[in-house]
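Have a look at the structure below, then the notes.
The values are calculated or read from the model by the stated rules, or taken from the named source; none is laboratory data. All of these numbers come straight from a predicted model, not from anything done at the bench. Using ideal geometry, Cβ is built from the backbone for each residue, glycine included, and neighbour counts are taken over all protein chains shown.
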Amino acid sequence: MLAVLADLLSAEECEVLITLAKPRLAPSTVVDPHSGQDVVAPHRNSLGMFFRLQENPFIARLDKRIAEVMNLPIENGEGIQVLYYPMGALNTPYFDFLLPSNPANRTSIARSGQRVSTLIAYLNDVENGGETAFPAAGWEVSPQRGNAVYFEYCNSRSQVDHRSLHGGNPVLAGEKWVATKWMRQRRFVSASEVGSEGMMR
């Protein structure tokens, strides 16, 4: 399932998200499928950051609205991620669901379940390029400020849909800002919430 949503965020909300995210940006990482470690990858040349779930009243309001759109409890959501793509930046196609190919992913799935859906909200209008491309499905979504693309890829039997493969086309002019939300099958428990003996803090 894939849907394009108009006017999910207001222009003011987009600007506030960008302003709050800017001081916390760092080179984006990907999870190495073998080690499970976060690594900087040459095929992902964006900058990014994560807000903690409901870390302030503004983020809490967005978490609540997005959870209602995605039809899952707020606590099933990972924190909102903001990504910044300067001109020329791209993101080669990848899956959002977790591959159980390393201990870190298997442990994360055991804690919180598989990722089941993604919402990508566009925080600015891109002059040229920057489309979200779904090569296996033959779809491309152009970034427009306040709009979002929503897609699902895991059913109740934990079967994943490989047609959800997606990436970001190169930004040919201007820059691109997006906010991403991932939902899990159960309440999201981050690794930092688990003590050294595997007990919740």
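Could you list, in sequence order, all residues of the stretch 94-129 that are within 17 Å of PRO143 (Cα to Cα) and either part of a loop (DSSP other than H, G, I, E, B) or out of contact with any Phe, Trp or Tyr (no Cβ under 7 Å at 6 or more places or on another chain) (or both)?
ILE120, ALA121, TYR122, LEU123, ASN124, ASP125, VAL126, GLU127, ASN128, GLY129, listed by residue number.
If I go through the stretch 122-159 residue by residue, how many of them are among the hydroxyl-bearing types (Ser, Thr, Tyr) and modelled with pLDDT under 95?
Residues in the stretch 122-159 being among the hydroxyl-bearing types (Ser, Thr, Tyr) and modelled with pLDDT under 95: 2 in total.
Of everything in the stretch 73-103 that's among the aliphatic types (A, V, I, L, M) and surrounded by fewer than 17 Cβ atoms within 10 Å (Cβ to Cβ), which residue is nearest to VAL194 (Cα to Cα)?
LEU99
Filter the stretch 172-187 down to residues that are within 22 Å of GLY88 (Cβ to Cβ), in contact with a Leu (Cβ under 7 Å, 6 or more places away or on another chain) and buried (at least 21 other Cβ atoms within 10 Å of the Cβ), then give me how many there are.
Residues in the stretch 172-187 being within 22 Å of GLY88 (Cβ to Cβ), in contact with a Leu (Cβ under 7 Å, 6 or more places away or on another chain) and buried (at least 21 other Cβ atoms within 10 Å of the Cβ): 3 in total.
When residues of the stretch 1-29 are filtered for being more than 24 Å from SER164 (Cβ to Cβ), touching a Phe, Trp or Tyr at 6+ places or on another chain (Cβ under 9 Å) and assigned to a loop (DSSP other than H, G, I, E, B), how many remain?
Final tally of qualifying residues: 1.
Going by what's in this entry, would GLY167 be described as modelled with pLDDT of 95 or more and in contact with a Pro (Cβ under 9 Å, 6 or more places away or on another chain)?
Taking the combined requirement at face value, the residue satisfies it.
Look at the stretch 160-180 and say how many of its residues are under 15 Å from the mean Cα position of the chain (by Cα), among the hydrophobic types (A, V, I, L, M, F, W, C) and part of a strand (DSSP E or B).
So the answer is 3.
Restricting the search to the stretch 120-138, which residues are out of contact with any helix residue (DSSP H, G or I) (no Cβ under 6 Å at 6 or more places or on another chain) and within 30 Å of VAL189 (Cα to Cα)?
Matches in the stretch 120-138: ILE120, ALA121, TYR122, THR132, ALA133, PHE134.
Among all residue pairs at least 6 apart or on different chains, which show Cβ distances below 6 Å where the first residue, located in the stretch 7-31, is modelled with pLDDT of 95 or more and the second is small (Gly, Ala, Ser)?
Between residues of the stretch 7-31 that are modelled with pLDDT of 95 or more and residues that are small (Gly, Ala, Ser), the close pairs are ASP7/GLY146; LEU8/ALA121; LEU8/ALA148; LEU9/ALA121; LEU9/GLY146; LEU17/ALA179.
Out of all the residues in the stretch 128-159, which are under 13 Å from MET1 (Cβ atoms) and either under 17 Å from the mean Cα position of the chain (by Cα) or crowded, with 19+ Cβ neighbours inside 10 Å (or both)?
The answer is PHE134, VAL149, TYR150, PHE151, GLU152, TYR153, CYS154.
Going by the conditions given, is PHE188 in contact with a His (Cβ under 8 Å, 6 or more places away or on another chain) and aromatic (Phe, Trp, Tyr)?
Against the criterion (in contact with a His (Cβ under 8 Å, 6 or more places away or on another chain) and aromatic (Phe, Trp, Tyr)), PHE188 does not qualify.
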